[in-house]
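Each value in this text was obtained by applying a stated rule to the coordinates, not by laboratory testing. Note that the structure is predicted; figures quoted are calculated from it, not measured. So basically every Cβ, Gly included, is an ideal-geometry build from the backbone, and we count neighbours across all protein chains shown.
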Amino acid sequence: MSMARAAATDLRKANKRGAARLAAVQALYQMDLAGTGLNEILVEFESHWLGGDVEGAQYLPAEAAFFRDIVGGVVREQRRLDPQIDATLASGWPLKRVEAVLRAVLRAGAYELACRRDVPARVVMSEYVDVASAFVDKDETGMINAVLDQLARELRADEFANS
């Protein structure tokens with residue numbers, strides 16, 4: 001495979017993963033607010049949202065297995081992840097007080113940092129700051145970056161040993 005072709009394949013995979021992350025945050029947000037169950041949310045997003053047209057907006061094709069892993073992983077690991085996120089937030093500002101979409105971003109990012117070592121920590125941080133910027137202003141994306149950076153340095157100290 002030529003280098004240009006390999007780069008194009010990597011870019012398509014990255015774009016599908018980025019779309020999966022965005023969809024995962026939206027699904028987690030919906031689960032949090034509406035109390036939608038895991039199986040129901042997976043079916044809804046995979047059949048209607050991922051790569052589909054919803055109310056005139058075309059959603060990007062997403063890597064469905066990656067989407068399922070993030071959403072299911074957050075649900076499965078939430079009891080372990082939430083205290084870790086709480087510990088990195090400002091004193092007196094627990095995760096339950098954070099706006100729902102930011103909670104979803106932090107949980108998804110924390111899950112990838114804790115459980116998806118195949119994805120570099122800096123990529124995880126950058127991707128979730130980008131996802132957050134679709135929903136909130138720059139100050140809040142800065143908070144996402146700071147919390148995920150601290151979590152990454154704790155969960156993946158080996159990746160930051162020389163920085």
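Taking the Cβ of Y128 as the center, what net charge do the other residues with Cβ under 9 Å away carry, scoring Lys and Arg +1 and Asp and Glu -1? Kindly include the intermediate steps, with their values, before the conclusion.
On the way: positive: R21; negative: E112, E127, D130.
Combined, the nearby Lys, Arg, Asp and Glu give -2.
What does the net charge come to around I144 if you take all other residues with beta carbon closer than 12 Å to its beta carbon, with K and R at +1 and D and E at -1? Display every interim value, and only then the final one.
Values: positive: R103, R107, K138; negative: E99, E127, D130, D137, D139, E140, D149.
Overall, the nearby charge balance is -4.
Counting other Cβ atoms within 10 Å of each Cβ, which GluC sites (Glu not before Pro) in the stretch 93-154 have at most 16 and sit in a DSSP loop?
Values: sites: E99, E112, E127, E140, E154; in loops: E99.
Sites meeting the loop and neighbour criteria: E99.
With N residues in the stretch 85-137, what two-decimal value do you get for its Cα radius of gyration over 2.2 N^0.38 Å? Don't jump to the answer; show the numbers that get you there.
Details: Rg = 11.4 Å, N = 53, 2.2 N^0.38 = 9.9 Å.
My calculation over the Cα atoms of the stretch 85-137 gives 1.15.
E77: net charge of surrounding residues, Cβ under 12 Å, Lys/Arg +1, Asp/Glu -1, itself excluded?
+2
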